[in-house]
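The values are calculated or read from the model by the stated rules, or taken from the named source; none is laboratory data. Note that the structure is predicted; figures quoted are calculated from it, not measured. Heads up, the Cβs are rebuilt from the backbone with ideal geometry, glycines too, and the neighbour counts pull from every protein chain shown.
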Amino acid sequence: METRLRATLPDHELLRLYEQMVMSREFEESCAEQYTKGHITGFLHLYSGQEAVAVGATAGLHVDDYILSAYREHAQAIVRGADPRRVMAELFGKATGICKGKGGSMHLFDPNLNFMGGYAIVGGQLPIAVGLAFSAKYRREDRLAACFFGDGAVNQGTFHESLNWARLWELPVLFICENNFYGIGTEVHRSSALASIHKRTCGYDIPSEKVDGMDVIAVYRAVKHAAERVRETSLPYFIEATTYRFRGHSMADPAKYRSAAEHEVWKARDPIPALAKRLIEEEITDAGHLEGILGNCRTVVQEAVKFAEESPWPEDEEVYNDIYV
Amino acid sequence: MARINMVQALNMALGSEMKRDDRVVILGEDVGRDGGVFRVTEGFQEQFGSERVIDTPISESAIVGMAIGMAAYGLLPVAEIQFLGFSYAAFDQLFVHAARLRSRSRSRYNCPMVVRTPYGGGIKAPELHEESSEAFFCHMPGIKVVVPSGPYTAKGLLLAAIRDPDPVLFLEPTRLYRLIKEEVPDGEYTIPLGKARVVREGGDLTVIAWGSMLERVMKAVERYNAEVIDLLTLNPFDAVAVLASVKKTGRVVIVHEAPRTCGFGAEIAATVAEQGIMDLRAPILRVTAPDVPVPLSKLFDYYIPSIEQITAAIDEVLRY
């Protein structure tokens, strides 16, 4: 297989993938700082380390395709096109947030972007993705539902119920399991009888594959190919992207259950410097340009924080809105 | 006797009961190696082994269902659900099976299990991590719903819950986990289920609360001659204690952090209206959250009953 970057995407697209990963990382690291300062409260689950999955996958989808995710979803929303300023404001609980500052970190939503939500309940989004796919098929629309979830979700009943339905009714769902190997502190092999998650789909006759979730190009290729297949056949497909979160489950989790050695192995596979190295080696860009991208992302994130800080709190009466029509 | 917080009191109760009775097993997400998200079961897996302190997959329905099976056949499971909002995935097992095993088997089986879970607000996360949906579970005949309001009641009630022959949903107020310390005896003691306690005597009105609201109520009543009842068990609740107090005071304010409609306050109010109306001198007032999902951060302060709202309700009933 042709492995050079330019054989996969044109230069500006490659650089966009890089920029989106950097943006995601900078945004999340800024969130960590704002959490420490007390500006972001509650539970904050950061995506640092997993960027290649959201970025590569989103690039492999159409903008009409639905995206659903779990509670580690800031990057998913931003990569899909959500304004970082309004996402940050949401995390702060400010009125300018993309959900009016009422939902915070785990409940981002933007139907304008076909971003159909972050979900705080593990596995809660899977049947909803199947329903969206059913509706798309019923309405003869050319769109699929891409449903992201973690390794922890695969032992919920909803996982099995959803896979069965998607295959039984031949629905265009692309299941993307982000396997970061830990459900909080419990490793996959301590929670799943068959730890090789993509193999579990055989019970539902859904084809599946495993992809290196630390390689944005590999994720892009796999998702693009899978999405085309789902569109052509109107059948579900399943991708397991193996990845790693560089931080704890949430900011409240010191992640003492993982060894420093293991952490180092994965840090060495950080998807951002890995892509940078290839971009430079293949003479697509130079280090100076990549520095410039980092600088721009930092500026955007700083502006997002400033916007969130300066935004007003919601009015008290806002709690009564959006319950009924 | 030591001054400890609620996490320590719960840990003490579970540890002593694990030592006392090898039928007690603990299961839940990250309760073992990680010691639970709020560290209530810290150190237990090392002490008692992974056969008795079980890290489960993220499968709330199976956690509760497994516990039912264990309980039906000789064990005393204490299951942990990470947050009350996560228990909705296990609603079927709780409502359809745990609550009805005794009835369905005509008492040939019983279900001596405890489901422990943090509930309520105070950690500044919205909705599913801050739910106060205790009333759902009070609507399940066959399940006891128990809510401690501090370290002392937490230990005594948890020991009683584990020893109770029927299923108990044990709601731990998240906000209080580390907020207050109390003197807690080192030795075993139980607080009977189904019994309220009068935490403050008074003659002008009765304020009824439970869980985390009790702490707020105690601050609100400082300058009133108010009797305060801590229900401790919501189902079955201690109507005798409530009615006795109403007979004395003639005025009732009920405070809960759950939404208003069909909140447990409605059940108490209905009971007082049915059985104590001749003792009433004022309308029964409820101070509750509004009928909306728990919002994030700043709006939470508006959402949760405030001291001002409680004193306003007290002033209102005292006008009669």
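Within region A:95-102, identify whether any single residue is on the phi > 0 side of the Ramachandran plot, of a type in the set (D, E, K, R), over 14 Å from the mean Cα position of the chain (by Cα) and away from every other protein chain (no Cβ under 14 Å), and answer yes or no. No, region A:95-102 has no match at all. Within region B:101-128, the residues that satisfy the criterion of being in contact with a strand residue (DSSP E or B) (Cβ under 9 Å, 6 or more places away or on another chain) and surrounded by 18 or more Cβ atoms within 10 Å (Cβ to Cβ) are B:P112, B:M113, B:V114, B:V115, B:R116, B:T117, B:P118, B:Y119, B:G120, B:G121. Out of all the residues in region B:21-44, which are of a type in the set (D, E), under 24 Å from B:G74 (Cα atoms) and surrounded by fewer than 21 Cβ atoms within 10 Å (Cβ to Cβ)? Correct list: B:D21, B:D22.
Is it true that B:Y189 is out of contact with any strand residue (DSSP E or B) (no Cβ under 8 Å at 6 or more places or on another chain) and either surrounded by fewer than 24 Cβ atoms within 10 Å (Cβ to Cβ) or under 19 Å from B:V24 (Cα atoms) (or both)? Yes.
Of the residues B:E172, B:E131, only one is closer than 28 Å to B:M12 by Cβ, in contact with a strand residue (DSSP E or B) (Cβ under 6 Å, 6 or more places away or on another chain) and of a type in the set (D, E); which? Talk me through it step by step, then tell me what you get.
Numbers: B:E131 fails: in contact with a strand residue (DSSP E or B) (Cβ under 6 Å, 6 or more places away or on another chain).
From the options B:E172, B:E131, the qualifying one is B:E172.
Take the conditions in contact with a helix residue (DSSP H, G or I) (Cβ under 8 Å, 6 or more places away or on another chain) and of a type outside the set (D, E) and apply them to B:R223. Does it pass? Criteria not met by B:R223. Look at region A:32-51 and say how many of its residues are closer than 26 Å to A:A274 by Cα and touching a Ser or Thr at 6+ places or on another chain (Cβ under 7 Å). Final tally of qualifying residues: 5. Scanning region B:139-152 for residues that are surrounded by fewer than 24 Cβ atoms within 10 Å (Cβ to Cβ), of a type outside the set (F, W, Y) and not in a loop (DSSP other than H, G, I, E, B) yields a count of 1.
B:A98: over 27 Å from B:A196 (Cα atoms), in contact with a helix residue (DSSP H, G or I) (Cβ under 7 Å, 6 or more places away or on another chain) and crowded, with 22+ Cβ neighbours inside 10 Å, yes or no? Spell out how you get there, then give the answer.
Working: over 27 Å from B:A196 (Cα atoms): no; in contact with a helix residue (DSSP H, G or I) (Cβ under 7 Å, 6 or more places away or on another chain): yes; crowded, with 22+ Cβ neighbours inside 10 Å: yes.
No, not satisfied.
Among the residues making up region A:5-22, a single one is touching a helix residue (DSSP H, G or I) at 6+ places or on another chain (Cβ under 7 Å) and not in a helix (DSSP H, G or I): A:T8. Taking region A:1-47, which residues are within 22 Å of A:G150 (Cα to Cα) and among the aromatic types (F, W, Y)? Selection gives A:F27, A:F43, A:Y47. So, B:L158, is that one surrounded by fewer than 20 Cβ atoms within 10 Å (Cβ to Cβ) and either within 30 Å of B:R39 (Cβ to Cβ) or outside the structural domain of B:F38 (by TED's automatic domain parsing) (or both) or not? No, not satisfied.
Scanning region B:287-303 for residues that are under 20 Å from B:E267 (Cα atoms) and either surrounded by 20 or more Cβ atoms within 10 Å (Cβ to Cβ) or among the basic types (K, R) (or both) yields a total of 3. Residues in region A:81-120 that are in contact (Cβ under 8 Å) with a residue 12 or more places away in the chain, surrounded by fewer than 20 Cβ atoms within 10 Å (Cβ to Cβ) and among the hydrophobic types (A, V, I, L, M, F, W, C): A:A95, A:L113. Listed by position, the strands (runs of 3 or more DSSP E) contained in region B:207-317 that have at least 1 residues being within 14 Å of another protein chain (Cβ to nearest Cβ) are B:252-259, B:285-289.
Tallying residues that are crowded, with 20+ Cβ neighbours inside 10 Å and free of Cβ contacts under 8 Å to residues at least 40 places away in the same chain within region B:228-248 yields 2.
Name every residue in region A:23-55 that is in contact with a helix residue (DSSP H, G or I) (Cβ under 9 Å, 6 or more places away or on another chain) and free of Cβ contacts under 8 Å to residues at least 24 places away in the same chain, in order of residue number. Give the derivation first.
So the first thing to find is which residues in region A:23-55 are in contact with a helix residue (DSSP H, G or I) (Cβ under 9 Å, 6 or more places away or on another chain), and the list is A:23-31, A:33-35, A:39-55.
A:E29, A:E33 - these are the residues of region A:23-55 that are in contact with a helix residue (DSSP H, G or I) (Cβ under 9 Å, 6 or more places away or on another chain) and free of Cβ contacts under 8 Å to residues at least 24 places away in the same chain.
The single residue among A:T242, A:T299, A:T233 that is among the β-branched types (V, I, T), within 28 Å of A:T96 (Cβ to Cβ), modelled with pLDDT of 95 or more and out of contact with any helix residue (DSSP H, G or I) (no Cβ under 8 Å at 6 or more places or on another chain) turns out to be A:T299.
Given the conditions (1) touching a residue at least 12 places away in the same chain (Cβ under 8 Å); (2) away from chain B (no Cβ under 14 Å); (3) at negative phi, report the number of the one that A:E170 does not fulfil. Failed condition: (3). A search for C-beta distances below 7 Å between a residue of region B:282-296 that is in the same structural domain as B:V272 (by TED's automatic domain parsing) and any residue that is among the polar types (S, T, N, Q), counting only pairs 6+ apart in sequence or on different chains, returns B:V287/B:Q309; B:D291/B:T261.
Just one residue in the set B:A269, B:A258, B:A273 is on the phi < 0 side of the Ramachandran plot, crowded, with 22+ Cβ neighbours inside 10 Å, of a type in the set (A, V, I, L, M) and in the same structural domain as B:V217 (by TED's automatic domain parsing); that residue is B:A258. Return the total of residues in region A:37-60 being surrounded by fewer than 24 Cβ atoms within 10 Å (Cβ to Cβ) and away from chain B (no Cβ under 14 Å). Selection size over region A:37-60: 3.
Give the residues of region B:81-95 that are part of a helix (DSSP H, G or I), within 14 Å of another protein chain (Cβ to nearest Cβ) and out of contact with any His (no Cβ under 7 Å at 6 or more places or on another chain), sorted by residue number. Reasoning before the result, please.
As a first pass, look at region B:81-95 and keep what is part of a helix (DSSP H, G or I): B:84-95.
From what is left, the residues that are within 14 Å of another protein chain (Cβ to nearest Cβ) are B:84-93.
Hits for region B:81-95 are B:L84, B:F86, B:S87, B:Y88, B:A89, B:A90, B:F91, B:D92, B:Q93.
Each residue in region B:101-134 was checked for being over 15 Å from the mean Cα position of the chain (by Cα), of a type in the set (S, T, N, Q) and part of a loop (DSSP other than H, G, I, E, B), and 3 of them qualify.
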